[in-house]
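Only one structure is covered here, and it is reproduced in the block below.
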Amino acid sequence: MVDVLYVEDNLHDADIFCRLIEKLSRPITYTVVHSGSEALDYLTGKGLYEQQKISLPKLVLLDINLIGLSGIDVIEQTRSFERTRFLPIVVFSTSDNPRDIQSAYQAGINAYVVKPGSYRATGNLLGKLCDFWLEDNIRTDYK
């Protein structure tokens, strides 16, 4: 089972995520996808993932400003499927635009986190997110 599905179309940000997640004090499994449509395929077992038996991640970290299918579209579609209706989704974005935040909550996210500007601060934040969502948060919908 993958702990975190990270949806990020910026390859530099995805690389930083991978390097920081590897530095955390405990092993965390993760998958990075680079578009909203790929995220939906992953979560619903379609497209490239149709022949694979993929269990749901414990957490989706989602960039809101994706090229093509937007983060809001991903949230709304994810919430429309019974299998993914209650999957924890945290927006992890550089945008602090109140309209983005409001739209994301209206679409059904669990939390909205603005990426900090520094490498160290981003690493600290990822550690806190993983501690809460992977260790402290109680779920009943693992499938």
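In segment 98-135, which residue that is aromatic (Phe, Trp, Tyr) and part of a helix (DSSP H, G or I) is surrounded by the fewest Cβ atoms within 10 Å (Cβ to Cβ)?
Once the filter is applied, the top-ranked residue is Tyr119.
Are any of the residues in segment 77-97 open to solvent by 10 Å² or more (accessible area, probe 1.4 Å), of a type in the set (A, V, I, L, M, F, W, C) and in a helix (DSSP H, G or I)?
no
Go through Ile67, Ile72 for me and flag whichever is of a type in the set (Val, Ile, Thr) and outside any helix (DSSP H, G or I).
Only one candidate passes the filter, namely Ile67.
Taking segment 53-63, which residues are more than 10 Å from the chain's Cα centre (by Cα) and either in contact (Cβ under 8 Å) with a residue 40 or more places away in the chain or closer than 14 Å to Leu40 by Cα (or both)?
Residues satisfying the conditions are Ile54, Ser55, Leu56.
Can you give me the ranges of the strands (runs of 3 or more DSSP E) entirely in segment 1-64 with at least 1 residues that are open to solvent by less than 30 Å² (accessible area, probe 1.4 Å) and over 23 Å from Val114 (Cβ atoms)?
none
Check segment 73-83 and report whether any residue there is modelled with pLDDT of 95 or more, among the hydrophobic types (A, V, I, L, M, F, W, C) and under 21 Å from Lys23 (Cβ atoms).
No, the conditions are met nowhere in segment 73-83.
The values are calculated or read from the model by the stated rules, or taken from the named source; none is laboratory data. Remember, predicted model here, so these are calculated numbers, not experimental data. Backbone-built Cβ (ideal geometry, glycine too); neighbour counts: all protein chains shown. All accessible areas refer to the heavy atoms of the entire protein, side chains included, with ligands and DNA or RNA removed. Shrake-Rupley method; radii C 1.70, N 1.55, O 1.52, S 1.80 Å.
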